[in-house]
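The values are calculated or read from the model by the stated rules, or taken from the named source; none is laboratory data. Model, not experiment: these values are computed from the prediction. When we count neighbours, we look across all protein chains shown, and the Cβ atoms used for this are built from the backbone with ideal geometry, even at glycine.
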Amino acid sequence: MNMIKYFKLQNGRVPFNEWLKVLRDPRAKTKIVRRIDQLALNNPGDHKPCRHGVWEMRIDEGPGYRIYYAYEGKDTYLLLLGGDKRKQ
C-alpha cells in the first residue's frame, strides 16, 4: 500500500483538506474519499499528467471534481488540492 500525504503550507493550512471540508455534496465526498483509497492501492483510475510533475485525477460526479497530486518518492503520493472543472 502506498502512503498518502497532504501538502501543507508554511502557515500550517492544508489546502486539500480545507476544500474537502467545505464540499457540500455528500455523494461527491464519498466518491473522492474512495478514489484516495484507490490511489493508496496504486490505482488512480481516470487521471492524466498536467505539468511539472503534477497529475490530475478526474472524478465524474456533479460538476466534475478534480484532485491534483504529485509523486513524492517511489511509494508516496502528495495530495496538493482539489477543485471542480469550473475552477480549472
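Inside the range 47-60, residues that are more than 14 Å from Gly83 (Cα to Cα), among the charged types (D, E, K, R) and modelled with pLDDT of 95 or more make up a count of 1. Selection of the range 51-88 for residues being of a type in the set (D, E, K, R) and farther than 16 Å from Arg24 by Cβ yields Arg51, Glu56, Arg58, Asp60, Arg66, Glu72, Lys74, Asp75, Lys85. Could you tell me whether any residue of the range 31-45 is touching a Lys or Arg at 6+ places or on another chain (Cβ under 7 Å) and either under 19 Å from Asn2 (Cβ atoms) or among the aromatic types (Phe, Trp, Tyr) (or both)? Yes - at least one qualifying residue is present in the range 31-45. Count of the range 6-39 residues, restricted to those that are exposed (fewer than 14 other Cβ atoms within 10 Å of the Cβ) and in contact (Cβ under 8 Å) with a residue 24 or more places away in the chain, is 1.
Scanning the range 47-88 for residues that are surrounded by 14 or more Cβ atoms within 10 Å (Cβ to Cβ) and among the basic types (Lys, Arg) yields Arg58, Arg66.
Applying a threshold of 9 Å to beta carbon distances and a minimum spacing of six or more residues, or different chains, the list of pairs starting in the range 66-87 at a residue that is within 9 Å of Lys5 (Cα to Cα) and among the β-branched types (Val, Ile, Thr) and ending at one that is modelled with pLDDT of 95 or more and assigned to a strand (DSSP E or B) reads Thr76/Met3; Thr76/Ile4; Thr76/Lys5. Among the residues of the range 59-88, those that are farther than 20 Å from Val14 by Cα, of a type in the set (Lys, Arg) and over 14 Å from the mean Cα position of the chain (by Cα) comprise Lys74, Arg86.
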